[in-house]
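The values are calculated or read from the model by the stated rules, or taken from the named source; none is laboratory data. The structure presented is a predicted model; accordingly, all values stated were derived computationally and were not measured. Please note: Cβ atoms are built from the backbone with ideal geometry, for glycine as well, and neighbour counts cover all protein chains shown.
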Amino acid sequence: MFRNAGKEWRPAGKPEQVKMHDFVDAELGRASPYGVYDIGADQGWVSVGTDHDTAAFAVQTIRRWWFAMGKPRYPEARELTITADGGGSNGHRLRLWKRELGRLASEIGMNIRVCHFPPGTSKWNKIEHRLFSFITMNWRAKPLISHEVIVNLIAGTKTRSGLSV
């Protein structure tokens, strides 16, 4: 019995060795995804960093989304509202998060409102359930062996409801 493990066929019972969790590799670094989910358009934008998940990286992801997708889609917008979980790179206590958002607000010329979910309420966070859950289903059973593979699997995420990343 043989199993398709990507491009080559290999005998069943001989799995490919892969990394786990945040995919830390001495040569490749780590894979740190940060995403923006536009509820109204049912579209996602995910950046995959190769270092640490920092507030500067999070805001840079939002910046790239705004200039590539947000501004063209919402040219009359006067305010940007962001919902975020309570921890990690966009935690409500992080000064760097607040400083970088302030810089972005000045750069785009509008107010940015941030609404943080309380601890333990990730089930309410749409980015977890309408974006990253489908990304996870898309890469299920596929070895995440490089950043290129990770980015391509994320970019290939689509749903019947119309979500595209």
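Answer yes or no as to whether Lys126 is within 16 Å of Asp38 (Cα to Cα) and in contact (Cβ under 8 Å) with a residue 60 or more places away in the chain. Taking the combined requirement at face value, the residue satisfies it. State whether one or more residues within the range 96-104 are within 26 Å of Ala31 (Cβ to Cβ) and among the small types (Gly, Ala, Ser). Scanning the range 96-104 turns up no residue that is within 26 Å of Ala31 (Cβ to Cβ) and among the small types (Gly, Ala, Ser). Within the range 74-93, the set of residues being surrounded by 13 or more Cβ atoms within 10 Å (Cβ to Cβ) and not in a strand (DSSP E or B) comprises Tyr74, Ala77, Asp85, Gly86, Gly87, Gly88, Ser89, Asn90, Gly91, His92.
The single condition from (1) surrounded by 14 or more Cβ atoms within 10 Å (Cβ to Cβ); (2) touching a residue at least 40 places away in the same chain (Cβ under 8 Å); (3) under 17 Å from Tyr37 (Cβ atoms) that His147 fails is (3). Filtering Leu101, Leu153 for residues that are modelled with pLDDT of 85 or more and farther than 17 Å from Pro33 by Cα leaves a single hit, Leu101.
Summed over the range 47-68, residues that are surrounded by 17 or more Cβ atoms within 10 Å (Cβ to Cβ) and of a type in the set (Gly, Ala, Ser) total 4. Scan the range 123-143 for residues that are under 18 Å from Arg160 (Cβ atoms) and of a type in the set (A, V, I, L, M) and jot them down. Selection gives Leu131, Ile135, Met137.
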